[in-house]
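A.B. asks: Here you go, one structure.
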């Protein structure tokens, strides 16, 4: 790369890989570049910008403030290039476009499959890529332009995005049938906050529960966190711990060994939001999906 202000796509991808891995060597390997070539590219970028982009630490390298700014812009550029390529590939296959949607577990386990079925039936020339992620990860991806739309719980920080409420989501507690609260009609959070917990790897939900535990002067104790509800069910049935989950997620837990009970506090009803960086700037096909999902509330 010459020392001009123009970076090519390989430069930007390389820089993102180096920052993600915290290592120039691992970043170069991820890009299938020789270490010397990768080092030369990074040096050329720094020379062109007139500022260091990386600094060495005991654990490897990390982005400088200038590097962090480049990371933000590089993610947007690379994401837009990937979106462009995906759409062009879709045209080659006879499709007019794709929508990249990220969803939390609660939406994907309840209303989303039916809505996607309706959308794809009504738009045979479109396709939808769906990624299931925790709400906090979805917010970052949408803000950085790595997804067109996201469906998240209101426990995530939505300040950087435009949002629209599309559904409610009730939190419930799952226990085995010999647990002391198993015969109750409803359960108060304060009555179980000191129990050992097992849970899903959902950072936004965990933060939401931790915040309410802190208000009681308590701290949740998680024995394990898993990504699959069915796997979690085996631990609950065995008495390893109890779980607080979105009601939409608990269908795999319905068994003779597990009881699912509503929580009594008002804050255990969360709202699910459809989010975008800017609804008015969506592609026509993403806008069409957004309009359909916005009709869900009520």
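A.B. asks: If residue 287 satisfies every condition in (1) under 23 Å from residue 125 (Cα atoms); (2) surrounded by fewer than 20 Cβ atoms within 10 Å (Cβ to Cβ); (3) touching a residue at least 24 places away in the same chain (Cβ under 8 Å); (4) touching a helix residue (DSSP H, G or I) at 6+ places or on another chain (Cβ under 8 Å) but one, which is the exception?
C.D. replies: Failing condition for residue 287: (3).
A.B. asks: Right, another one. Would you say residue 148 is surrounded by fewer than 18 Cβ atoms within 10 Å (Cβ to Cβ) and either modelled with pLDDT under 95 or within 17 Å of the chain's Cα centre (by Cα) (or both)? Give the derivation first.
C.D. replies: On the way: surrounded by fewer than 18 Cβ atoms within 10 Å (Cβ to Cβ): no; either modelled with pLDDT under 95 or within 17 Å of the chain's Cα centre (by Cα) (or both): yes.
When the stated conditions are applied, residue 148 does not pass them.
A.B. asks: Report the residue count in region 183-230 for those that are touching a residue at least 60 places away in the same chain (Cβ under 8 Å), within 23 Å of residue 256 (Cα to Cα) and crowded, with 16+ Cβ neighbours inside 10 Å.
C.D. replies: 4
A.B. asks: What number of residues in region 254-263 are buried (at least 19 other Cβ atoms within 10 Å of the Cβ) and closer than 17 Å to residue 169 by Cα? Reasoning before the result, please.
C.D. replies: First pass over region 254-263, keeping only residues buried (at least 19 other Cβ atoms within 10 Å of the Cβ): 258-259, 261, 263.
Going one step further and asking which of them are closer than 17 Å to residue 169 by Cα, we end up with 261, 263.
Residues meeting the conditions: 2.
Residue-wise test of (1) under 30 Å from residue 253 (Cα atoms); (2) at pLDDT 85 or above; (3) surrounded by fewer than 17 Cβ atoms within 10 Å (Cβ to Cβ); (4) out of contact with any helix residue (DSSP H, G or I) (no Cβ under 8 Å at 6 or more places or on another chain).
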| position | (1), (2), (3), (4) |
| --- | --- |
| 92 | no, no, yes, yes |
| 96 | no, no, yes, no |
| 99 | no, yes, no, no |
| 107 | yes, yes, no, no |
| 112 | yes, yes, no, yes |
| 118 | yes, yes, yes, no |
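A.B. asks: Can I ask one more? Only one of 55, 68 is modelled with pLDDT of 90 or more, surrounded by fewer than 15 Cβ atoms within 10 Å (Cβ to Cβ) and outside any helix (DSSP H, G or I). Can you tell me which? Before the answer, list the steps.
C.D. replies: Details: 68 fails: outside any helix (DSSP H, G or I).
Matching residue, one of 55, 68: 55.
A.B. asks: Then there's this: Collect the residues in region 37-89 that are in contact (Cβ under 8 Å) with a residue 12 or more places away in the chain and at positive phi, keeping them in residue-number order.
C.D. replies: Result: 60, single match.
A.B. asks: What tally of residues in region 282-298 results from selecting those that are at pLDDT 90 or above and more than 21 Å from the chain's Cα centre (by Cα)?
C.D. replies: Summing the residues that are at pLDDT 90 or above and more than 21 Å from the chain's Cα centre (by Cα) in region 282-298 gives 3.
A.B. asks: Exactly one of (1) in a helix (DSSP H, G or I); (2) touching a helix residue (DSSP H, G or I) at 6+ places or on another chain (Cβ under 8 Å); (3) modelled with pLDDT of 90 or more is unmet by residue 139. Its number?
C.D. replies: (2)
A.B. asks: If you take the residues in region 153-184 that are outside any strand (DSSP E or B) and under 18 Å from the mean Cα position of the chain (by Cα), which one is modelled with the highest pLDDT?
C.D. replies: 161
A.B. asks: While we're here: Would you check which residues across region 236-246 are surrounded by 18 or more Cβ atoms within 10 Å (Cβ to Cβ) and closer than 18 Å to residue 194 by Cβ and list them?
C.D. replies: 236, 241, 242, 243, 244
The values are calculated or read from the model by the stated rules, or taken from the named source; none is laboratory data. Remember, it's a predicted structure, so these values are computed and weren't measured experimentally. In this analysis, Cβ positions are derived from the backbone assuming ideal geometry, glycine residues included, and neighbour counts consider all displayed protein chains.
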